[in-house]
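Student: Encoded as structure tokens, here's the structure I'll be asking about.
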Amino acid sequence: MAEEAHKRAEIESRTPEFMAHEATKPFGWSPAHFVEWATIEHMIEAVALPQGASIIDVGCGAGWTSLFLAEAGYRVLGYDLVPANIELARRRAAMWHSRARFKVADMEDLPTGDPADAALLFDALHHSAEQPKVLSSIAGRLKPGGWLLLGEASWLHRYSGEARHVHKERGWLERGIDLSGLKADLTANGFAEPRRFFQPTRPYEGRGRHFAWQLSRLIAANFWVAPQAHLWLAARREA
């Protein structure tokens, strides 16, 4: 029952007023988007995903990752639970003259469709209490040997002020992802060859305090976890 309540909260929080405001700023154009996109693109190159490959973007939100993937030459289908997100993603695709397609779907129970070469699961899994179910659902939509590219908030997220605020104000589930548990669930749901990746820092100004903060984040993320740094993994669906 709690899981369904969280899903309803995600859908209902996207009020017409909220979505109208979102539509006035395509992606926000935060530097974080470009750091995250650079990491995704590096992972795509590392697993040798060919140009024109098919990708499902699971939990795509308002679609910025799907649009970037389509712009990079991939055939993209974005899925999201929230109808308002899909409507906004389609509007943005029309503005960009993009071939990216979007459909409403629950990532815990994706609809049947043509097997994809890869799946992107970015910043969405931590909104689900059914992690194994999500991974199983994605595995069912991948070709044997297809790659899952995953970027998620670490376990630190559950203690962040932002996560507590979103949970309180919107009712969303805001949990953090434990790396060892994630790897175990990937293995249990037919994924092998997990590969760990690391995102670069955001741009900064000054050689003192800002540099020290970015350096400490890089070192912490390399050996453990760090604030504002996602966990990035790629894993191949077993044949």
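Student: Treating the beta-carbon of each Lys and Arg as +1 and of each Asp and Glu as -1, no other charges, what is the dipole magnitude of region 131-239 about its Cα centre, to the nearest 20 debye? Don't skip to the answer; put the middle values down first.
Tutor: On the way: 17 positive and 9 negative charges, 21 e Å.
Roughly 100 debye, rounded to the nearest 20.
Student: Sort Thr65, Thr201, Thr15 so that the residue with the fewest other Cβ atoms within 10 Å of its own Cβ comes first and the one with the most comes last. Can you show the working numbers first?
Tutor: Details: Thr65 27, Thr201 18, Thr15 10.
Final ranking by Cβ density, sparse to dense: Thr15, Thr201, Thr65.
Student: Quick check: Cα centre of region 119-161 to Cα centre of region 49-113, how many Å?
Tutor: Answer, in whole Å: 16.
Student: Here's another thing I want to ask about it. Just need the relative contact order of the chain here, percent rounded to a whole number, with Cα pairs under 8 Å and 6+ apart. Please list the in-between numbers first.
Tutor: Details: 405 pairs, mean separation 47.4, N = 239.
Across the chain, relative contact order equals 20 percent.
Student: Counting every Cα pair in region 17-139, what percent are over 24 Å apart? It would help to have the intermediate numbers written out before the result.
Tutor: On the way: 1733 of 7503 pairs.
Here the tail beyond 24 Å accounts for 23 percent of pairs.
Student: Using the scaling law 2.2 N^0.38 Å as the reference, what is the normalised Cα Rg of the chain? Could you put the intermediate results ahead of the total?
Tutor: Details: Rg = 17.4 Å, N = 239, 2.2 N^0.38 = 17.6 Å.
Against the compact-globule rule of thumb, the ratio is 0.98.
Student: Taking a cut-off of 12 Å, what percent of all Cα-Cα pairs in region 50-112 are separated by more than that?
Tutor: Details: 1151 of 1953 pairs.
I get 59 percent for the Cα pairs in region 50-112 exceeding 12 Å.
Student: Something else now. Cut-off 20 Å, label point 7 angstrom out along Cα-to-Cβ of Glu238: give me the residues of region 186-216 whose amide nitrogen falls inside.
Tutor: Only 186-196 pass the distance filter.
Student: When DSSP beta bridges are limited to those with both residues in region 2-237, what percentage is antiparallel, rounded to the nearest 5? Kindly include the intermediate steps, with their values, before the conclusion.
Tutor: On the way: 12 of 32 bridges.
Just about 40 percent of them are antiparallel.
Student: Right, next: Note the direction-averaged projected area, equal to a quarter of the hull surface, for the Cα convex hull of region 97-220, in nm². Mind showing how you got there, number by number?
Tutor: Details: hull surface 42.7 nm².
Mean orientational projected area (region 97-220, Cα hull): 10.7 nm².
Student: Sticking with this one: How far apart, in nanometres, would the label points at Ser13 and Gln214 be if each is projected 7 angstrom from Cα along the Cα-to-Cβ direction?
Tutor: 3.0
Student: Would you mind working out the magnitude of the charge dipole of the chain relative to its Cα centre, with +1 at each Lys and Arg C-beta and -1 at each Asp and Glu C-beta, to the nearest 20 Debye? Provide the component values of the computation, followed by the final result.
Tutor: Details: 28 positive and 29 negative charges, 92 e Å.
My answer is approximately 440 debye.
Student: Can you give the helix-only mean residue ellipticity at 222 nm for the chain, where every DSSP H stretch with n ≥ 4 adds -39500 (n - 2.57) and the sum goes over all residues, rounded to the nearest 500 deg cm²/dmol?
Tutor: Calculated from helices alone, the mean residue ellipticity at 222 nm is -13000 deg cm²/dmol.
Student: Same structure again: Quick one, what does Rg over Rh come out to for region 89-145 if you take C-alpha atoms and the Kirkwood Rh? Provide the component values of the computation, followed by the final result.
Tutor: Values: Rg = 13.0 Å, Rh = 12.8 Å.
In region 89-145, Rg relative to Rh is 1.01.
Values quoted throughout were computed directly from the atomic coordinates according to the rules given, and no laboratory measurement underlies them. No experiment lies behind these values; they were computed from the predicted model shown. Every residue, glycine among them, receives a Cβ derived from its backbone with ideal geometry; neighbour counts consider all protein chains shown.
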